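Throughout, read-outs are computed from the coordinates displayed, never taken from laboratory work. Predicted model only: the values in this text are computed from it and were never measured. Cβ coordinates were reconstructed from backbone atoms using ideal geometry, including for glycine residues, and neighbour counts include every protein chain displayed.
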Amino acid sequence: MRHIKYTEQAFFKFLTGFACYSVIGILCLIISIIFIKGVGSLSWEMISQAPKGGYYYGGDGGVLNAILGSLYVAGGAVLIAIVLGAPAALFINSFLFRYKRLQNIIRYFLDALWGIPSIVYGAFGFTIMLYFGMNASLLAGIITVACLITPIMIRSFDEVLSTIPTGLHEAALSLGSTRTELAFKVIFKQGLPGFVTAILLAFGRGIGDAASVLFTAGYTDQLPSGLHEPAATLPLAIFFQLSSPIPEVRGRAYSAAAILTCIILAITLISRLLVNKYSKNNLK
Amino acid sequence: MGRFRYSYNFITGKWMLVTLAVILCLPVIIGISLGIRSADLLHDNGLIDLLFSSAWAPSKGEFGFLPFILSSLYVTIIAFVLAAPVCLLAAMYITQFSKPRMMKIMYPVADVMAGIPSVIYGMWGIIVIIPFVRDVLAPLFNVHTTGYSILSGGIVLAVMCIPYMLNMLIESFKTVPQGLRESALALGATHWQMVKHVVVRKSFPGILSAFGLGITKAFGETLAVMMVVGNVVQFSLNPFDPAYPLPALIANNFGEMMSIPMYDSALMFAALILLVVILIINLFFRYFIYRSKKIR
Amino acid sequence: MYNNENVILNQCPNTGKDSLNAISIRDLNVFADKTQILKSLNIDIPKHKITVILGPSGCGKTTLLKSMNRLTDLYKALEVSGQICIHGEDILLSHKDMSALRQKTGLLSQKPYPLPVSLYKNITYGPKLKGIKNKKILDKIVTRQLKEVGLWEEVKDRLNASPDCLSIGQQQRLCLARGLAVKPSIILADEPTSALDPTSSQIIEKQFMKIKKTYTIVLVTHVVRQAMRLADYVVFMHNGEIIETGGVEIFKNPKTDQMKEYLINGN
């Protein structure tokens, strides 16, 4: 009778372990299925050529247009996010480092922004486009994705910056540096690895998001040629090809998914490595 | 030197302030611009009619959003019910029972899961979950289904919101001080009793905010759900039936948006509903977190 | 994990009811990965006295204390071997009922860690785990324990409030009351006054002097003055080894240089 609590403990220990390993299992399942399905039609042609005539009926070509388009969209968006996001994160942690309450309110707003789904950003980008009389284009896609990833960028940069001890702020200020110098010279330097991680993370989100570019970047079989031309993106390429009835085209969707997964895996693991390396050298 | 330094400081300082202000105003700007776009529709149909009517015939000018709203809620609830216990238990295992090495494995796992694009989850859903629901689960309950159903959407969504919840739960369990855990054990609690009585209670606000995050992520997810949920304008309580959540409505009808009058306005209104609901869920959970912190 | 063979060969020293010693430690070794934290310690802790374990920070005092109620299990990297006998029973042997074992000792940590429940439930947590469910008995336990640590008058009107509304000194006394409520025979105190102001520390010290008639108290501290005020028996540790043991007289005539130096610096 008195050992019921130990039975309960053993049961829950098993259950929690089971939950944990099943999460790992699900991830392995997803990744392995993507690669098993994708490896069949993976070829050099896939990543070196744009779709040619009859591509959507099983003809020659690849998804270079979408790969380049995605890189352009995500790259451009990251540039905007850096210009908007990095100063904002620095401001929170340099000018406001004494106002904990205000910081918390701002962080709450950022969290709320982070929770807004990408389709809403897509719709927002669309209204902006209508307002300025633009067509679906690379530029519109970049702006929309920038809106989406700036909060992500600020959040992850801010997470690193907020671990910098306040003693450092005070030391820098007492040595006579102004608050902006504190922000850009001291805090920024301390948080540089966090900055790189934030960029990588934002880039990963930007490259993988489909719902926001659905309205705004359009889709084309041409390689992206200018800011005012529409551009294809990799997630949309997968999405459109997946709905095709022709098996070859679906096969290409699978291999495009494998390519996208590879890019995401590389970005995520590099940023995790950076975080680990950084947190070892970080003073706590 | 002095003058340059002064103007440099002035410009960069103002720039930082401006960027922060712009970012913080973004939800308001989004809300207003979507609101302006959907004003026509609101003017013609009235808010109550739009939200609580289930007549959907855009070509006749009938826009009832009820089936979409209910579908969204249903799919979200299924996803939450499936994912929340798994995340809670897994986070307990990682922080309380396993070796510290497990934490090092779990962080990249959650990172990768959060990083995988939704279109890939959708594809995985079509390849794995749809046949699973159609050939394994449906016969169990003696129903016939194509597999494209609320349940499939819920399962795919559950997997997608695991990394967000798990990460936050781990963080909040980790902040429970070691001394508190030790004192519970010293009073004679078993390890599990300690976790149940002390760790969970101490990190209750963290658990709430993790759940809130999971729910908002599930509610707004578009592409993956759209690919597996069937997209039929109806609402039924049977999870093996197809449904049509709000985000899918917006994404799916984008092509014909400009050809039917008021349709674009309706889709922007759908986006506005999404935005408002998600901000409300956020506020709601914030309030609860605030309350629970106050009580203890 | 535990080196059981040695223990079976050696008989457990007498720490039963008729013995003068409450705890006997024989050949206790603790390794963290490959560094040795405790180096073959042998201590007998006398019953109903305050035993002070004195030593500089990082000398293994806390580890020694935590191995006395097997809280070392929480740290997977620690490897404990040897023998710790309480009530004639070696607690380092793999145990079935760890919670009963831990209820023989009460723990007071460096900082007060009140459980995240009301004052009342903080005290009843231990007895409830023991299986006491009767509301009247629990009420009685709460009253008695709070009176024992002199907290009753201060909190009797707000037993359902959160412990956060207490001062840190009151919280520490609450933790002491909570530990006493499970009726341990031994109190393990790990620098219990290091986070407190002098007044609260004094109250805690007074409590110790009062309750030592019925409890065996093991107090870890690095403060020489506190050790001099409270100790009946002193164990001086340095670098995981026991340098000197003895009654209060060793404050006046320390035999070793390390102890001499520590006493001079401490005063």
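Observations
- Inter-label distance, A:Leu269 to B:Thr175: 3.2 nm, where each label sits 7 Å from its Cα along the C-beta direction.
- Flagged links, alpha-carbon separation over 23 Å, of B:Lys104/C:Lys66; C:Lys183/C:Lys206; C:Lys49/C:Lys130; C:Lys39/C:Lys260: B:Lys104/C:Lys66; C:Lys49/C:Lys130
- Estimated FRET transfer efficiency (A:Lys100, B:Arg3; beta-carbon r; R0 51 Å; 0.05): 0.90
- Highest average first, the peptides A:117-126, C:51-60, C:142-151, A:252-261 ordered by how many other beta carbon atoms sit within 10 Å of their residues are A:117-126, A:252-261, C:51-60, C:142-151.
- Anchor C:Lys34: aspartates and glutamates whose Cα lies under 14 Å away (excluding residues fewer than 8 positions away in-chain): C:Glu79
- Peptides B:44-54, B:206-216, C:110-120 ranked from most to least packed, by the mean per-residue count of other Cβ atoms within 10 Å: B:206-216, C:110-120, B:44-54.
- For peptide B:274-280, the mean count of partner chain Cβ atoms within 10 Å of a residue's Cβ comes to 3.
- Charge tally for A:Ala217 (other residues, Cβ to Cβ under 11 Å; Lys, Arg +1; Asp, Glu -1): -2.
- Loop GluC sites (Glu not before Pro), the range C:189-267 (other Cβ atoms within 10 Å of the site Cβ: 16 or fewer; DSSP): none
- Legend: residue pairs B:Lys202/C:Lys61; C:Lys47/C:Lys212; A:Lys100/C:Lys111; B:Lys196/C:Lys128, Cα-Cα distance threshold 19 Å; pairs beyond threshold, B:Lys202/C:Lys61; A:Lys100/C:Lys111.
- Per-residue HN-Hα couplings for the range A:119-126 [Karplus 6.51, -1.76, 1.60; θ = phi - 60°; Hz; x = Gly/Pro]: 5, 5, 4, x, 5, 4, x, 5
- Per-peptide average of other Cβ atoms within 10 Å, ordering C:122-131, B:89-98 highest first: B:89-98, C:122-131
- Where a label projected 7 Å from the Cα of A:Asp60 along Cα→Cβ would reach, residues of the range A:247-278 with amide N under 19 Å: A:248-249, A:252
- Theoretical ellipticity at 222 nm over the protein assembly as shown - DSSP helices of four or more residues, -39500 (n - 2.57) apiece, nearest 500: -19000 deg cm²/dmol
- Choice from B:Leu42, B:Leu24, B:Leu246 with maximal GNM fluctuation in chain B (Cα, 10 Å cutoff): B:Leu24
- Relative contact order [Cα under 8 Å, 6+ residues apart], the range B:72-171, whole percent: 53 percent
- Counted by neighbouring Cβ atoms within 10 Å, the residues A:Asp111, C:Asp197 run from fewest to most as C:Asp197, A:Asp111.
- Under 12 Å, Cβ to Cβ, from A:Tyr56 - net charge with Lys/Arg +1 and Asp/Glu -1: 0
- Inter-chain neighbour count for A:29-36: the average number of beta-carbon atoms from partner chains within 10 Å of each residue's beta-carbon is 4.
- ³J(HN,Hα) computed for each position of the range C:161-169 - Karplus, 6.51 cos²θ - 1.76 cosθ + 1.60, integer Hz, glycine/proline x: 7, 7, x, 4, 7, 8, 6, 5, x
- Residues whose placed amide H lies under 5 Å from that of C:Ala22, excluding near-sequence neighbours: C:Ile45, C:Lys47
- Label-point separation in nm, B:Ile280 to C:Lys76, each point 7 Å along Cα→Cβ: 4.5 nm
- Length-normalised contact order of chain B in % [C-alpha pairs under 8 Å, at least 6 apart]: 26 percent
- Remark: mean inter-chain Cβ contacts per residue of B:25-35 equal 5, using a 10 Å Cβ-Cβ cutoff to other protein chain atoms.
- Near the amide H of B:Glu62, within less than 5 Å, lie the amide hydrogens of B:Ala57, all on another chain or at least 5 residues away, with H placed in the peptide plane.
- The residues packed around A:Glu159, meaning those with a beta-carbon under 13 Å from its beta-carbon, carry a net charge of -1 if Lys and Arg are +1 and Asp and Glu are -1.
- For the range B:116-237: relative contact order, % (alpha-carbon pairs under 8 angstrom, 6 or more apart): 44 percent
- In sequence order, calculated HN-Hα J values of the range B:189-202 (Karplus, 6.51, -1.76, 1.60; Hz; x Gly/Pro): 6, 6, 4, 5, 4, 4, 4, 5, 7, 9, 5, 5, 5, 5
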